[in-house]
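Undergrad: A single structure is presented below for examination.
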Amino acid sequence: MGFNTTSSSIVFLLTGVPGLEAFHTWISIPFCFLYITALSGNSVILFAIVTQRSLHEPMYYFLSMLSTTDLGLSISTLVTMLGIFWFNTREISFNACLSQMFFIKLFTVMESSVLLAMAFDRFVAISNPLRYATILTDSRIAQIAVAIVIRGTLMLTPMVALLKRLSFCRSHVLHHSYCFHPDVMKLSCTDTRINNAVGMTAMISTVGVDSILILFSYVLIIMTVLSIASPEERTKAFSTCISHVGAVAIFYIPLISLSFVHRFWKRAPPYAHTMIANTYLLIPPVMNPIIYSVKTKQIRRAVIKILHSKDT
């Protein structure tokens, strides 16, 4: 492979779990289980919301958006990760790598946006219950959904497009089982300061801003709930937020942990970085359907109803 090649002819090599290549087949078993759980769990929730008329409400429409982004996130990494573990197919072309990176980032940013929309939904439901249905109409929810997709696409297209200008004259070996933006930039022999700045701006203005607004929504929710007179009403109001708080925690905690590990835990064995990076993208898609099925009575009923109807 010639050095300093044009970007379109480059082939990158993805990495499984460094030092544990002999155990790839065994390592694939828990990952397969996680993928099956994520894909089936989110599909069942989506199917429940689409088919059960009782779930045609704003809160569940937002949950269906969350399930859609979780399905997208799972599928984005599935092909390359299982390809490495099962068939040792490590090669990925530059354009395929760019596409995978774009979709992983897009679904991450969309998940963050959906969690913000859900925080707004809970705030309106608790602070203004009588006007809830008139504020969050079906058309407004559809507009929010379109805005979430457009926002993610506009923010991330420059970040991915700017990688096209880089030349790669060093190693072509990536350190993850999927294309990870900082990973690709590290291999470049061109100055990547613009790429770093654009990437950082995209993530701060989406995931960063969303996290602050979600926190602000919860400050307002807590203030509203505490002004409610009876303890029963307070408990009921808080209980409608538990699932969402869980979803926010399992999205942001792994994301922040991964950033910290990459920056500060330099002496960690290579496989630790890889395992954390591989699992961080799978935690929200696996856990969200479980949290919502356990904590939300209407979803639990709908899922049980669907599973029972399949048995009969």
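The values are calculated or read from the model by the stated rules, or taken from the named source; none is laboratory data. For clarity, every value in this text was computed on a predicted model and none was experimentally measured. Glycine gets a Cβ as well: all are built from the backbone with ideal geometry, and neighbour counts include every protein chain shown. Just so you know, the surface numbers come from the protein's heavy atoms only, side chains and all, with ligands and any DNA or RNA stripped out. Shrake-Rupley method; radii C 1.70, N 1.55, O 1.52, S 1.80 Å.
Undergrad: Do we find a residue being open to solvent by 40 Å² or more (accessible area, probe 1.4 Å) and in a helix (DSSP H, G or I) anywhere in region 166-181?
TA: No, that holds for no residue.
Undergrad: For the condition out of contact with any strand residue (DSSP E or B) (no Cβ under 8 Å at 6 or more places or on another chain), surrounded by fewer than 22 Cβ atoms within 10 Å (Cβ to Cβ) and part of a helix (DSSP H, G or I), what is the one hit in Ser112, Ser76, Ser67, Ser28?
TA: Matching residue, one of Ser112, Ser76, Ser67, Ser28: Ser28.
Undergrad: Please work out if Thr134 is surrounded by fewer than 21 Cβ atoms within 10 Å (Cβ to Cβ), at pLDDT below 85 and more than 21 Å from Leu66 (Cα to Cα). Talk me through it step by step, then tell me what you get.
TA: Details: surrounded by fewer than 21 Cβ atoms within 10 Å (Cβ to Cβ): yes; at pLDDT below 85: no; more than 21 Å from Leu66 (Cα to Cα): yes.
No: the conditions fail for Thr134.
Undergrad: Answer yes or no as to whether Val149 is open to solvent by 30 Å² or more (accessible area, probe 1.4 Å), touching a helix residue (DSSP H, G or I) at 6+ places or on another chain (Cβ under 8 Å) and under 30 Å from Arg193 (Cα atoms).
TA: yes
Undergrad: If I filter region 47-60 for residues that are of a type in the set (Asp, Glu) and under 22 Å from Met185 (Cβ atoms), do I get at least one hit?
TA: no
Undergrad: Can you tell me which residue within region 80-108, out of those that are of a type in the set (Ser, Thr, Tyr) and assigned to a helix (DSSP H, G or I), is most open to solvent (accessible area, probe 1.4 Å)?
TA: Ser99
Undergrad: For region 281-292, what are the residues that are part of a helix (DSSP H, G or I) and crowded, with 19+ Cβ neighbours inside 10 Å? Before the answer, list the steps.
TA: Our first condition is that a residue be part of a helix (DSSP H, G or I); within region 281-292, this holds for 283-292.
Residues satisfying the conditions are Pro284, Pro285, Val286, Met287, Asn288, Pro289, Ile291, Tyr292.
Undergrad: Looking at this structure, is Ile36 at pLDDT 90 or above, exposed (fewer than 15 other Cβ atoms within 10 Å of the Cβ) and farther than 22 Å from Thr240 by Cβ? Outline the logic, then answer.
TA: Details: at pLDDT 90 or above: yes; exposed (fewer than 15 other Cβ atoms within 10 Å of the Cβ): yes; farther than 22 Å from Thr240 by Cβ: yes.
Taking the combined requirement at face value, the residue satisfies it.
Undergrad: Under 6 Å by Cβ, and 6 or more places apart or on different chains, what pairs join a residue from region 39-64 that is open to solvent by 10 Å² or more (accessible area, probe 1.4 Å) with one that is of a type in the set (Ser, Thr, Tyr) and in a helix (DSSP H, G or I)?
TA: Leu39/Ser74; Leu46/Ser64; Leu46/Ser67
Undergrad: Within region 84-130, count every residue that is without any contact (Cβ under 8 Å) to a residue 12 or more places away in the chain and more than 28 Å from Ile150 (Cα to Cα).
TA: Number satisfying all stated conditions: 5.
Undergrad: If you don't mind, another one. Give me the pairs, please: first residue somewhere in region 149-170 and modelled with pLDDT of 85 or more, second residue anywhere and of a type in the set (Lys, Arg) and surrounded by 17 or more Cβ atoms within 10 Å (Cβ to Cβ), beta-carbon distance under 6 Å, and either six or more positions apart or on two chains.
TA: Within 6 Å, the pairs are Leu156/Lys105.
Undergrad: Further question: Spot the failing condition for Thr134; the list is (1) assigned to a helix (DSSP H, G or I); (2) in contact (Cβ under 8 Å) with a residue 60 or more places away in the chain; (3) more than 21 Å from the chain's Cα centre (by Cα), and only one is missed.
TA: Among (1) assigned to a helix (DSSP H, G or I); (2) in contact (Cβ under 8 Å) with a residue 60 or more places away in the chain; (3) more than 21 Å from the chain's Cα centre (by Cα), Thr134 violates only (2).
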